[in-house]
Each structure stands twice: as structure tokens, then as C-alpha cells.
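The values are calculated or read from the model by the stated rules, or taken from the named source; none is laboratory data. This one's a predicted model, so the numbers in the text were calculated from it and none came from an experiment. Cβ: placed from backbone, ideal geometry, glycine included. Neighbour counts: every protein chain shown. Note: accessible area is taken over every heavy atom of the protein model, side chains too, but ligands, DNA and RNA are not part of it. Shrake-Rupley method; radii C 1.70, N 1.55, O 1.52, S 1.80 Å.
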Amino acid sequence: MDLVCQRMLNQGFLKVERYHNLCQKQVKAQLPRRESERRNHSLARHADILAAVETRLSLLNMTFMKYVDSNLCCFIPGKVIDEIYRVLRYVNSTRAPQRAHEVLQELRDISSMAMEYFDEKIVPILKRKLPGSDVSGRLMGSPPVPGPSAALTTMQLLSKQNPSRQEVTKLQQQVKTNGAGVTVLRREISELRTKVQEQQKQLQDQDQKLLEQTQIIGEQNARLAELERKLREVMESAVGNPSGSGQSEEAPRKRKKAAEAIDSLRKSKRLRSRK
């Protein structure tokens, strides 16, 4: 039963890697080639999430698969596989997904805990079972006893000094993954800078509008003071005019001017109250 479960976990991790590669190929085939056009594309967030998942898969691969390939253990964190499947299915079924850090929060938490626990608690035990560990101990102490087993372990140790093709491939994949992560970070920084510039432009527009409104209010206040002065002059002239025939002719004119001045004053007050 244990062997069956170990085989299922190992195959599950390999299958989720293949499924991720398939999803990433489908998204990249629909993205434009230019980086500037990709930022505004509808699949930009899909690509960011898949790139972050690729980084996480590479970290898990470097942490566990060395010991899995040596048949010392299996891919232990099965919950991480389920969470990766959930993220990939979410990306495939959603047209406008959330930001990468929101979608991958749970995956980052549980995978980081799994890798930390594996490195701290399990790796020290597995290192004792690695082939060549006894040879390294003998090299530091007494010379090994000649025999076929000693010769075999010595050859294994020497072969480990030269990197194999699989290790070179893992290193190349790690470099590629790190480059993808840097690209995602640069894209997020560029988006933040764009938002800051837009907010600064909005603040400048608001300051300009405020200055224009202040100027308009000042002009209206000056006009209102002029109208009040004219009104006082009209009222004083109407009160101080002598009696006679001229008074009867000029009285309607002055009343009309006073009425116009009062109407203008009322309109100015209404306009200022609206502002």
C-alpha cells in the first residue's frame, strides 16, 4: 500500500508539471510577441500566474526530486499538488483572473512550509542513506578497506563530482525560472509606476481646476463689489435730488437703474452661492 501511494504521489507531481507546460504553451501561443503589447493583453494576468507557478514547481523539483530519483522517498506534499491543479484550472476557466499574488497566496504558503519542513526534518535523515555518504566519512577518517564495495562507492563519489546531463538540465531550468520571476517582478513594478504617474496627473488636474475656480470667484467678488457701489450711488442720488420738473423725469430712470442693479446683485449672489 505504501509503494502504491508513493507511486501515485510521484506520478501526480510529474502530471501536474506536464499539465502546467500545456497550459503555458496555450497561453503563450495567444500572446503577442512584443513585451509592450503583452502588458495590455487580456491574457497578461494568466501569463503572470503561470510564470509564478513555474517558479514554484522548479523550487519543489530542486527540493524533492533529487531524493525521489534516488528512491529514498516520494513527493511528500500531496496537498501542494492539489493546490497547483486548483490554480491551473482556475486560470483555464476564468477570463479575468485576480492578480498573481492573490491567486497564489495559498500555494506559496503551503509549499514553503512543506519545503522548510523537508529540509529541516527529513533531509538530514535521507543524507545518511545517500550512496557515497559512508565514503565521505571514511575520507575524513581512516582509509577504506579495499574490496568491491569500496571501489563501487568510490566510483560513485567520483562520478558525482562531474555534473550529469540531468543536473545541467535542472540548472538551466532553474535559471530560466529565475528569469521568468524577474520578468514578472519588473512587470508589476512597471504597473505600479504607471499608476503613480496617473495619480500625479489627476492631482495636477485637480490643482489646475481649483486655481481656475479661485480666479472665477475673485472676479465675481470684484463684480459684486462694483454693483454694490453703483447701487449705493443710485440710491444716494435718488434721495438727494431736488423737487421740480426735472425730478419727475429723472425719477423713473433712476428707479429702473436701481432695479437693474438689484437684479444683478441678486444674480451674482446666487452664482457665488452655487460656487
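Here is how the numbers come out for the structure above:
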quantity: For Ser237, solvent-accessible area (1.4 Å; no DNA, RNA or ligand), Å²; calculated: 40 Å²
quantity: Those residues of the stretch 176-201 whose amide nitrogen sits under 20 Å from the label point placed on Glu102, 7 Å along Cα→Cβ; calculated: 184-196, 199
quantity: Residues of the stretch 1-129: accessible area per residue with a 1.4 Å probe, Å²; calculated: 61 Å²
quantity: Size of charge dipole - the stretch 1-129 - debye, nearest 20, with Cβ of Lys, Arg +1 and Asp, Glu -1, no other charges; calculated: 420 debye
quantity: In Å², nearest 10: area of Val68 left accessible to a 1.4 Å probe; calculated: 10 Å²
quantity: The stretch 1-129, accessible surface, carbon-and-sulfur percent (1.4 angstrom probe); calculated: 50 percent
quantity: Heavy atoms of Lys28: accessible area, 1.4 Å probe, square angstrom to 10; calculated: 120 Å²
quantity: Lysine pairs within the stretch 1-129, Cα separation less than 26 Å, 8 or more sequence positions apart or different chains; calculated: 12
quantity: Quotient of C-alpha Rg and 2.2 N^0.38 Å, computed over the stretch 1-129; calculated: 1.18
